[in-house]
Amino acid sequence: MAPTAFPDDWQRALVVAAHPDDIEYGLAAAVASWTSAGKEVHYLLATRGEAGMAGVPPEEVGPLREEEERRSAAVVGVSEVEFLDFRDGVLVEGPDLRRAIAGAIRRHQPNLVVTGYFGATWTPPGMSPGYLNSPDHRALGQCVLDAVADANNEWIFRDLTEPRWRSQYVAVTEMLDPAHLVDVGEHVETAVASLSEHRRYLELLSDTPVEEQARQIVDMATAAEDGTRRVGFRLYWG
């Protein structure tokens, strides 16, 4: 079945990611399209990405990457970024993470909850299949789906004090076989600028200039064979 346009009958979204920069690897282009259309988008990060920079101690990396993420979010019109403060690299699928995400869903009251692809392996466009996905991504994604239901159930996590909340949609990014597409042709440059805010992180990854790295990554994530730019999703109902 051919992909269809992403639904527009929602006003507030919560984007949930494991690490700073996860959202900027393509998804931020869709965020820019939503905020430019007047949608309200908030970010929720499970960790501060403190284990993500080789040779730099976590106590230095955590605050640095948090600040980079806040600057990056501001570029695409997101002013509220919440961190749950779980440890980077050792996220565990289970009730603790579910409870934290469900509590955030109740606080933010999103109509749409968005998270990244969390299959065991993934295939970058134009490359061979079988790349291992991060264990943090795998744990987080399943917990996001479960927490959407948890947020609307008053009996699972009875220590949560906020009123229960039902989100209308849950969207998971999908590059190879998306069911729904967001046209991001007008927002590619904004997405590149957003990813470029992760300057220290990208500088350690490669000698390639940061802006060039960012453009290559956003191109890979958004370019379609027909020349259009899009971000793909699988959509579920909350």
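Read-outs: derived from the displayed coordinates by stated rules, not from any lab. Small disclaimer: the values here were computed from a predicted structure and weren't measured. In this analysis, Cβ positions are derived from the backbone assuming ideal geometry, glycine residues included, and neighbour counts consider all displayed protein chains.
Going by a ≥ b ≥ c, the root eigenvalues of the Cα gyration tensor, does the stretch 94-221 fall in the rounded group (a/c under 1.5), the prolate group (a/b larger than b/c) or the oblate group? Show your work: numbers first, answer last.
On the way: a/c = 2.03, a/b = 1.93, b/c = 1.05.
The shape class here is prolate.
Assuming a ≥ b ≥ c are the square roots of the Cα gyration tensor eigenvalues, decide whether the stretch 1-155 counts as rounded (a/c under 1.5), prolate (otherwise, with a/b larger than b/c) or oblate. Verdict is rounded for the stretch 1-155.
Run the dipole for the chain about the Cα centre, Lys and Arg Cβ at +1, Asp and Glu Cβ at -1, nothing else charged, and hand back the magnitude in debye, nearest 20. Working shown, then result.
Working: 21 positive and 38 negative charges, 143 e Å.
With Lys and Arg at +1 and Asp and Glu at -1, about 680 debye.
How big is the antiparallel share of DSSP beta bridges in the chain, given as a percent to the nearest 5? Don't jump to the answer; show the numbers that get you there.
Working: 12 of 31 bridges.
Restricted to the chain, the bridges split so that about 40 percent are antiparallel.
For the chain, adding -39500 (n - 2.57) for each run of n ≥ 4 DSSP H residues and dividing by the number of residues yields -11500 deg cm²/dmol at 222 nm.
Peptides 76-82, 114-120 ranked from most to least packed by the mean count of surrounding Cβ atoms within 10 Å: 114-120, 76-82. Between ARG12 and LEU204, what is the label-point separation in nm under the 7 Å Cα-to-beta-carbon projection? Here the answer is 3.5 nm between the modelled labels.
Between ARG234 and GLN168, what length in nm is gained on full extension when 0.36 nm per residue of separation is reduced by their alpha carbon distance?
On the way: separation 66, 0.36 × 66 = 23.76 nm, distance 1.40 nm.
My answer for the length gained is 22.4 nm.
FRET efficiency for the ARG71 to ASN133 pair, using the beta carbon distance and R₀ = 45 Å, is estimated at 0.95. Farthest toward the positive end of the dipole of the chain, out of TYR25, ALA151, TYR117, is the Cα of ALA151, where the dipole comes from beta carbon charges about the Cα centre.
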